[in-house]
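The values are calculated or read from the model by the stated rules, or taken from the named source; none is laboratory data. Just so you know, these numbers come straight off a predicted model, no measurement behind them. Here the Cβ is made from the backbone with ideal geometry for all residues, glycine too, and neighbour counts use every protein chain on show. These area figures cover heavy atoms from the full protein model, side chains too; ligands, DNA and RNA do not enter into them. Shrake-Rupley method; radii C 1.70, N 1.55, O 1.52, S 1.80 Å.
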Amino acid sequence: MSVRYGKPLVFLLCLVPLGVLIGRGASGALGPNPVEAITHFTGDWTLRLLLVTLAVTPLRRLTGQAWLVRFRRMLGLFAFFYAVLHFTTYLWLDRFFDLGTIAEDVLKRPYITIGFAAFVLMVPLAITSTQGWIRRLGRRWKTLHRAVYAIGVLGVLHYLWLVKADLLEPAIYAIILAVLLGLRVPWADLSARLRSAMRRRSWMAPERR
Amino acid sequence: MLIKKPADILPSEITPQQFWQRRREFLKASASGIGLAAIGLAGTAPHRVLAGDTIPNVRPSPFSTDEPPTSLEDITSYNNFYELGTDKTDPKANARFLKPRPWTVTVDGECAAPGEIGIKDILSSFTQEERIYRLRCVEAWAMVVPWVGFPLGDLIKRFEPTSKAKYVAFETLYDPEQMPGQKRRVLDWPYREGLRMDEAMHPLTILSTGLYGELLPNQNGAPLRLVVPWKYGFKSIKSIVRISFTEKEPPATWTRMQANEYGFYANVNPAVDHPRWSQKTHRMIGDGWLAKKRETLPFNGYGDQVAELYAGMDLKRFF
């Protein structure tokens, strides 16, 4: 699949959940508690797209398909897009911009504190996702964008912490996240060793290139 | 063919039970030309509610609120009934597994006349009243439900509790075939709840057999559930099979699972937050998505009637 056609396709795919949500809203299919339904829906899709974004690098390394990385920014920005919808739903439909209760929530309710922190951390990553910022930040860009690991952990904890009894769904997210993060640990090690091995070879036998 | 029948007999009592339970199939069969009349069933229009049979001679009650009731659709499609699944929409989807007939409730413990009582007996021997109550869930949403039922005290007296009976314990059916949610140990099945004797005898406390004038839909806790309107919804245990009189405070499922979040008393109290969310306001189901939340009142607005039960108690400690 060429990246040229792939990008618009992934873009449209990422908009499908929003379309579904709007469709449910318009047809009255959000159920007796629509605000709760919108909150859960946008929260679910934030987490899912966050996990998909985090899957790009391991998948690329496992399959050797380098082009996959070209979708990563768009996926990450869509995770942020759904996070914005999620946060806006909370601010507007749940709290009606009542700063007093919002502050109380953020300070007193751990799952909201954590969700809020994850959202705040996403903002600089979204802002610095452009080519210009990548260039300007240079090596520091990569360091900054490692914050996505923390965002993933905070996001899953946010979900785990608000559930009353049935931990099955948040546990599935937690396991997937653990696998995606785990894949990076040995790989980081392995790839560094491979790279140094290659460097040594090319240094020892430069004429063979 | 229209057979007039006395109003105080339930359709379930005049129709052989095996036919009554399968009446939808008969109705469908009749549409495709198989003789309904031959079986002798009085044809009734299919109801949206699963139970769908009118309870006769329901009396109005001065305890009812005049607030507009939540729609039948919302009351029957947004349920916390983990025995039928943990999503709000699950209980309606899994309601067909539960068989509320025949149904027997065992009453035992500290009482002079322990025994069993069947649902038919319950429906015919206690005067059924309509009680339109506010229901406040611990998850900070609320409804107004037109219950049909009778004071729990009426049933309690029949079994003659002794002076040792300080509490009343309740137990939900345990049967994973009828309650598929019990196949996973989400909660410590069977669900248990309890009340202090004075709470149980309070005239506001009812055992509910129906809502909107009809038998309880399965997803709302058929055929018999508790309703204690000044406490969070989880106290109002559903599909009861056992009522026991005890001397000591009986175990309550949520309290045992997370004692710092769900107390034994569980009185609605805006001054005591759930550790993870505020209880000061709630969303009224049916208000729509641009409506603001409403202020939660102490004892869910029933303070005038019940606050004296807790005189001298520290409600922040005994939450």
(request) Answer with yes or no whether A:T89 is more than 16 Å from A:I151 (Cβ to Cβ) and either modelled with pLDDT of 95 or more or not in a loop (DSSP other than H, G, I, E, B) (or both). (result) yes
(message) Criterion first (within 12 Å of chain A (Cβ to nearest Cβ), more than 30 Å from B:E116 (Cα to Cα) and touching a strand residue (DSSP E or B) at 6+ places or on another chain (Cβ under 6 Å)) does B:R283 satisfy it?
(response) yes
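Yes or no: B:G263 within 29 Å of A:D166 (Cα to Cα) and within 14 Å of chain A (Cβ to nearest Cβ)?
So B:G263 does not fit the description; no.
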(request) For residues that are among the basic types (K, R) and open to solvent by 20 Å² or more (accessible area, probe 1.4 Å), scanning just region B:234-275, find the one that is modelled with the lowest pLDDT. (result) B:R256
(request) Could you run through region A:118-143 and say how many residues are in a helix (DSSP H, G or I) and open to solvent by 40 Å² or more (accessible area, probe 1.4 Å)? (result) 15
(request) Only one of these is out of contact with any Leu (no Cβ under 8 Å at 6 or more places or on another chain), of a type in the set (G, A, S) and within 29 Å of A:G31 (Cβ to Cβ): B:G312, B:G263, B:G233, B:G301. Name it. (result) B:G301
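Residue under question is B:N220, and the condition is that it be within 14 Å of chain A (Cβ to nearest Cβ) and either under 29 Å from B:Y174 (Cα atoms) or at pLDDT 95 or above (or both); does it hold?
When the stated conditions are applied, B:N220 passes them.
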(request) Filter region B:70-106 down to the residues that are in a loop (DSSP other than H, G, I, E, B) and open to solvent by 60 Å² or more (accessible area, probe 1.4 Å), then identify the one that is nearest to the other protein chains (Cβ to nearest Cβ). (result) B:T89
(message) Looking at B:D188, B:D154, can you tell me which residue is outside any strand (DSSP E or B), open to solvent by 40 Å² or more (accessible area, probe 1.4 Å), acidic (D, E) and within 14 Å of chain A (Cβ to nearest Cβ)?
(response) B:D188
(request) Hey, could you check region B:138-151 for residues that are open to solvent by 10 Å² or more (accessible area, probe 1.4 Å) and at negative phi and say which is farthest from the other protein chains (Cβ to nearest Cβ)? (result) B:P151
(request) May I ask you to list the residues in region A:78-94 that are more than 14 Å from every other protein chain (Cβ to nearest Cβ) and surrounded by fewer than 18 Cβ atoms within 10 Å (Cβ to Cβ)? (result) A:V84
(message) Can you list residue pairs whose Cβ atoms sit under 8 Å apart, with the first residue in region A:58-81 being without any contact (Cβ under 8 Å) to a residue 12 or more places away in the chain and the second being aromatic (F, W, Y) and crowded, with 17+ Cβ neighbours inside 10 Å? Count only pairs 6 or more apart in sequence or on different chains.
(response) none
